[in-house]
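Presented below is the structure to which this report refers.
Where a number appears in this text, it was derived from the coordinates with a stated rule and is not lab data. All values derive from a computational prediction rather than experimental measurement. Backbone-built Cβ (ideal geometry, glycine too); neighbour counts: all protein chains shown.
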Amino acid sequence: MTDDTTTPAEATDDVVVLEAQVSDEFGVLAEGAIVAEGNNALIVARFADPAAAAAVYDRLRLAEADGTFEIDGVLVVKAADDGRIHIQKMTEHSTRKGLKWGIVGGVVAGIFLPATIIGGAVALGVAGAAAGKARNLAKRLEVEKDLAGVITPGTSGILALVTAPAAEAVVKSMPEAQEVKTVPVDDETADAVKAAATAAEGDAAPATE
């Protein structure tokens with residue numbers, strides 16, 4: 001039987017820290033800490049293969065569509081043996097707020113993952129170009145450092161920008177993950193991501209007569 005234990009570890013007016021542990025009779029299956037600063041969080045998860053990552057993507061897509069989770073964007077990636085990140089094409093999902101997951105996820109990758117491993121704007125298309133304008137965000141390097149090493153060579157991964165209240169439940173919804181890391185995203189950064197995604201979506205839209 002699985003035992004889900006969540007304990008509030010620390011709290012201030014601006015930051016809330018939750019520690020979670022999942023275990024059964026054989027021991028601890030997963031554990032982690034979620035730090036919520038502002039109203040958003042960035043989740044990066046590693047999976048052994050693309051099929052597992054794709055299954056979680058579909059699960060999150062359905063959960064966002066029915067209102068279970070509030071998720072602004074998700075991107076599925078695969079890391080080659082040399083460590084370079086390749087963006088995986090998934091069925092596009094538009095949130096109830098009108099944001100397209102792939103474009104939001106592409107902006108997140110363009111801002112927070114080193115350009116040297118994703119090929120910059122070339123790999124991400126218009127999302128990467130839009131992200132380039134936002135890479136001077138004050139906390140970008142801090143988040144990039146926190147995420148380094150999660151998606152390792154030969155594995156697949158998911159990047160998800162979610163609301164802070166949904167972060168813990170989203171993490172628990174992906175038991176297939178080998179490692180999950182959640183970092184806080186301040187409101188200024190989240191707003192910049194969404195604004196860049198909206199701009200990129202406009203640039204990607206086909207011209208109409």
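Things worth noting here:
- Residue pairs exceeding 22 angstrom between C-alpha atoms, taken from K78/K145; K97/K181; K78/K100; K89/K194; K97/K145; K145/K181: K97/K181; K97/K145.
- The Cβ shell under 14 Å around M90 holds other residues with a net charge of +2, Lys and Arg each +1, Asp and Glu each -1.
- As a rough footprinting exposure proxy, the listed residues S94, S156 were ranked by other beta carbons within 10 Å of their own, and the order from fewest upward is S94, S156.
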